[in-house]
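Below is one structure, written out as structure tokens; the observations come after it.
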Amino acid sequence: MWIGPQLIVVLSGFKAVKEGMTSFPEEFSDRPDDGFFSALRKGRGILLSNGHIWKQQRRISITSLRKLGLGKKSIEHQIEEVAQTLVETFKQTKGRPFDPSIPVLNAVSNIICALSFGHQFVPEDENFQKLTEALKILVNFTGNIFHMAYALLPQLMNYLPGPHKKALASMNLILAFAKQEIEKHKESHYLHEPQDFIDHYLLQIEKSRNDPNPTYDEENLAVCIMDFFAAGTESTFASMIWALLMLTNHPDIQEKIQKEIEDVFGFSRSISYQDRKKLPYTNAVILEMQRLKYAVLIGAPRKSTKDVKMRGYYIPKGTVIVPDLLSVLHDPEQWETPKEFNPNHFLDKDGKFTEREEFLPFGIGQRACVGEQLARIEIFIFLTSLLRAFSFQLPEGVKELNEAPIVKTSMHPHPYKLCAIPTQT
């Protein structure tokens, strides 16, 4: 299809997306320019950068996350701490109807804070509240008509009033927040015992002083942190809000999860991410909720770096390639009941958990999500912690929560309230 002068090719269904993203890893590795999000980035960071800058920023991000304990117990302890804070926040509602979105957003944002800055914030912290408010503004702005207009006509939009002004200010606030933390880290001198992403990155800047073409600098570091918040917070937050809605609407599935957890662990010890192997039904439900209620309308677009021929079609250099991940997760050729909530999609005939190649919520190929494993750990630990502590119920007089999404770039549910009833007194 054409949008103005721009040719766009959409890859639809599992086979087409897999072929495009894995058969042409270099050819489809660039990101197209987005007038709005590029306004402050200037080609920096991970999400929208290309070429040498992108490769170096992605490498330092993946390396740092591993060194900080991604996939190890150390990072899980931090997530468990945040999960317990979330449980305590839910307890304060005393079973009354409440909107879970703010405490969930605080929890997910604090994980990014812990990794990036080495510390968390109490929800009452004024700067933290400004940060989460800026994130909400950006989430609501992304994909709306003003965003589209700015992406196509950035020069004109700079002179016009509208919500894009507030969204730009929010991006500036997140960048300023990151730069403030970077300055604090430069004063604390932990470079030889790095405690967080900023420490690791500042150490890399020192190591690269004599490199002929380094891209490691404080501006790129600040944009990388903004990318962590933009990507790492949004998708996990949306997945959590959808999961709580679906569990509330399906008390039978909720009860089966709680029974499985109780049968395997009782109420004695905390549950780690490795324990998902002992909880096949719980794991299947979590992935099925992510599959059915995918948090993004489409995958992040790519741009072809050279002419390509795919399936007999000529795709010229500069074409925007859109991998339609929703079409993969709802592909009728791959899923028995693609539009239904069916945990059996991830269970074999004996009730054992089975991985599915077609489960691609985090993308595939060279530009697959850097934070995939972090998001998986967060969602598993958050949900198992909450389901051990509460049964989620509909408020009195409500027959069912609305499962239709608000369709934008991010697919969020309509605002809702639920009741968190303690399972133990």
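Calculated translational diffusion coefficient of the chain (4 °C, 1.567 mPa s; Stokes-Einstein with Kirkwood radius over alpha-carbon pairs) equals 57 µm²/s.
By the Stokes-Einstein formula, at 1.306 mPa s and 10 °C, the stretch 260-320 with its Kirkwood radius over alpha-carbon pairs has D equal to 101 µm²/s. Put simply, the amide H of residue 296, placed in the peptide plane, has neighbours under 5 Å in 411, leaving out anything fewer than 5 places away on its chain.
What the Cα convex hull of the stretch 1-149 gives, in volume per residue, is 199 Å³. Round to a whole number: what % of the accessible area of the stretch 134-228 belongs to carbon and sulfur, probe 1.4 Å? That share works out to 57 percent. Since only 244, 225, 282 are under comparison, the one whose Cα sits farthest along the positive direction of the charge dipole of the chain, derived from C-beta charges on Lys, Arg, Asp and Glu, is 225. Backbone amide hydrogens, once placed in the peptide plane, bring residue 406 within less than 5 Å of 412, 414, excluding anything fewer than 5 places away on its chain.
The residues of the stretch 42-180 expose on average 49 square angstrom of accessible surface per residue, using a 1.4 Å probe on protein heavy atoms. Taking a straight line from the alpha carbon of residue 399, these lysines sit under 17 Å away, with near neighbours fewer than eight places off in the same chain left out: 417. FRET efficiency for the pair residue 267 and residue 307, taken as 1/(1 + (r/R0)^6) with r the Cβ-Cβ distance and R0 = 51 Å, rounds to 0.25. Within the shell defined by Cβ-Cβ distances under 12 Å, the residues around residue 143 carry a net charge of -1, with Lys and Arg each +1 and Asp and Glu each -1. Neighbours of residue 22, meaning other residues whose beta-carbon lies under 15 angstrom from its beta-carbon, give a summed charge of 0 when Lys and Arg score +1 and Asp and Glu score -1. Summarising the label geometry, the points placed 7 Å from Cα in the beta-carbon direction at residue 102 and residue 399 lie 3.1 nm from one another.
Placing unit charges on each Cβ (+1 for Lys and Arg, -1 for Asp and Glu) gives the chain a dipole about its Cα centre, and among 264, 77, 332 the Cα reaching farthest toward its positive end belongs to 332. Centre-to-centre, using Cα atoms only, the stretch 302-363 and the stretch 168-204 are separated by 36 Å. For the pairs 136/184; 15/256; 18/166; 91/339; 55/179, flag any whose C-alpha to C-alpha distance is greater than 30 Å. Violating the 30 Å limit, Cα to Cα: 15/256; 18/166; 91/339. Please report the net charge: other residues with Cβ closer than 12 Å to the Cβ of residue 121, K and R +1, D and E -1. With Lys, Arg at +1 and Asp, Glu at -1, the net is -3. When each of the peptides 93-102, 297-306 is scored by the mean number of other C-beta atoms lying within 10 Å of its residues, the order from highest to lowest reads 297-306, 93-102. Taken over the Cα atoms of the stretch 267-425, the convex hull encloses 154 Å³ per residue.
The three principal axes of the Cα atoms in the stretch 120-228 give end-to-end lengths of 47, 42, 19 Å, sorted in falling order. Given the DSSP H assignment, sum -39500 (n - 2.57) over each helix run of at least 4 residues in the chain and divide by its residue total; what's the result at 222 nm in deg cm²/dmol, nearest 500? The helix contribution divided over the chain gives -15500 deg cm²/dmol. Cα centroid distance between the stretch 219-237 and the stretch 61-126, in Å? Using only Cα atoms to place each centre, the spacing works out to 15 Å. Distance between the C-alpha centres of the stretch 247-296 and the stretch 1-37: 34 Å, rounded to the whole angstrom. When the accessible area of the stretch 272-364 is computed with all protein chains present and a 1.4 Å probe, what percentage of it is carbon and sulfur? On the stretch 272-364, the fraction of accessible area on carbon and sulfur atoms equals 50 percent.
In the stretch 176-280, Rg over Rh equals 1.20, where Rg is the alpha-carbon radius of gyration and Rh the Kirkwood radius from pairwise Cα distances. Label sites at residue 1 and residue 407, each approximated as a point 7 angstrom past Cα along Cα to Cβ, lie 1.0 nm apart. Accessible surface computed residue by residue for the stretch 336-422, with neighbouring protein chains in place and a 1.4 Å probe, gives 48 Å² per residue. Placing R0 at 45 angstrom, the Cβ-Cβ distance between residue 213 and residue 330 gives a FRET efficiency of 0.55 after rounding to 0.05. When the chain is treated as a GNM with alpha-carbon contacts under 10 Å, the residue of 181, 126, 88 showing the greatest mean-square fluctuation is 126.
The values are calculated or read from the model by the stated rules, or taken from the named source; none is laboratory data. Values in this document were obtained by computation on a predicted structure and should not be read as measured data. Note: ideal-geometry Cβ built from the backbone for every residue, glycine included; neighbour counts use all protein chains shown. The accessibility values were calculated without ligands, DNA or RNA, using every heavy atom of the protein model including side chains. Shrake-Rupley method; radii C 1.70, N 1.55, O 1.52, S 1.80 Å.
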